[in-house]
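**Q** Dumping the structure here so I can ask a few things about it.
The values are calculated or read from the model by the stated rules, or taken from the named source; none is laboratory data. Everything numeric here is computed off the predicted structure, so don't read it as measured data. Note that we place each Cβ from the backbone using ideal geometry, even for glycine, and neighbour counts take in every protein chain shown.
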Amino acid sequence: MSVIDLVVQAPAIGSAEVSALATLSGARGIHAIATNGHAAYRLVRVSTRDGVPEFCAASGIDWAFVPSDLRRDRVALVAMDMDSTLITIECVDEIADVLGIRREVAVITTAAMRGEIDFAESLARRVALLAGLPVSALARVYDERVELSPGAEAMLEGFRATGAKTLLVSGGFTFFTDRLGARLGFDETAANTLEIAEGRLTGRLVPPIVDAAAKAARFVAMRERLARSPDAIAVAIGDGANDLPMLRAADVSVAWRAKPRVRAQATAMIDHCGLDAALHLFA
């Protein structure tokens, strides 16, 4: 049976909270983790999980139970979603805002991310509403509204420093993944291509469609190409139902400010810290 540690992180964690968590989990030791501004601790060799999720939820603490032998230099691949994960916005909603139809599109986006409607169907419906929009509006959204999630650059740099490759894989649009991939140095990107005619969106996508299954397949294919040893680790980070197949295929999955359905199936949840908190899951 593998030895399990508990990693807890938050903007601030009091000593009383750390002690309470050590008692709850039956930890045999407490190690402070050096971070870029927030508090983080590794509670080693825990014996129980009972009560920990509830305590952390009430205290505003991010938590994860992880094998103690997880090391950052074992990470071969880090893959992440784009919209509401790498960046703070849903690009399709912001594009719709330019057209004055944000509410109509956002309702469909929210339902898709919760898994209430099929992603491919929801994407086709949303893109159809964008027909006639000039391509210049996409550039405006990228320049004026795209903002990286907190800790994104530090996380990518930290994993790259120990040899990991990176994949940005999205059910969104190549207009944005191509630019973000070049800006942030992703090794590979994948997303949907908007069909354009005479400088305007047609309301259709260019096949093939990158949906949940395609995201997972791209992740698995890249992991298999990069697997340098039997103990190599592939990490996936996402927030919505469309990310679930990819998260399930990962060795370590991270739910970033995610929907409840995603949170319930991930290795770790980050709600209160930046994306760089993912680095501290690894000793």
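**Q** If you go through the stretch 218-269 one residue at a time, how many are part of a helix (DSSP H, G or I) and of a type in the set (Phe, Trp, Tyr)?
**A** Qualifying residue count for the region: 1.
**Q** Among the listed residues 228, 200, 248, 223, which satisfies the condition of being farther than 22 Å from residue 88 by Cβ and either surrounded by 19 or more Cβ atoms within 10 Å (Cβ to Cβ) or in contact with a Cys (Cβ under 9 Å, 6 or more places away or on another chain) (or both)?
**A** 223
**Q** Considering the stretch 182-207 alone, what residues qualify as being in a loop (DSSP other than H, G, I, E, B) and over 23 Å from the mean Cα position of the chain (by Cα)?
**A** If the condition is that a residue be in a loop (DSSP other than H, G, I, E, B) and over 23 Å from the mean Cα position of the chain (by Cα), then 198, 199, 207 are the ones that fit.
**Q** Inspect the stretch 58-74 for any residue being buried (at least 16 other Cβ atoms within 10 Å of the Cβ), within 20 Å of the chain's Cα centre (by Cα), in a helix (DSSP H, G or I) and in contact (Cβ under 8 Å) with a residue 12 or more places away in the chain and give the result as yes or no.
**A** yes
**Q** Which is of a type in the set (A, V, I, L, M) and touching a residue at least 24 places away in the same chain (Cβ under 8 Å), of 12, 16, 34, 22?
**A** Going through 12, 16, 34, 22 in turn, just one is of a type in the set (A, V, I, L, M) and touching a residue at least 24 places away in the same chain (Cβ under 8 Å): 12.
**Q** Of the conditions (1) surrounded by 23 or more Cβ atoms within 10 Å (Cβ to Cβ); (2) closer than 20 Å to residue 281 by Cα; (3) of a type outside the set (Phe, Trp, Tyr); (4) in contact (Cβ under 8 Å) with a residue 60 or more places away in the chain, residue 43 satisfies every one except a single condition; which number is it?
**A** Checking residue 43 against (1) surrounded by 23 or more Cβ atoms within 10 Å (Cβ to Cβ); (2) closer than 20 Å to residue 281 by Cα; (3) of a type outside the set (Phe, Trp, Tyr); (4) in contact (Cβ under 8 Å) with a residue 60 or more places away in the chain, the one that fails is (4).
**Q** Can you tell me which residues in the stretch 146-179 are in a helix (DSSP H, G or I) and under 18 Å from residue 257 (Cβ atoms)?
**A** 152, 153, 154, 155, 156
**Q** Right, something else. Just checking, does the stretch 21-35 include any residue being at pLDDT below 95, in contact with a helix residue (DSSP H, G or I) (Cβ under 9 Å, 6 or more places away or on another chain) and surrounded by 17 or more Cβ atoms within 10 Å (Cβ to Cβ)?
**A** yes
One line per residue, one yes/no per condition, for (1) among the basic types (Lys, Arg); (2) over 19 Å from residue 87 (Cα atoms); (3) in the same structural domain as residue 128 (by TED's automatic domain parsing):
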position: 202; (1), (2), (3): no, yes, yes
position: 212; (1), (2), (3): no, no, yes
position: 216; (1), (2), (3): no, yes, yes
position: 225; (1), (2), (3): yes, yes, yes
position: 235; (1), (2), (3): no, no, yes
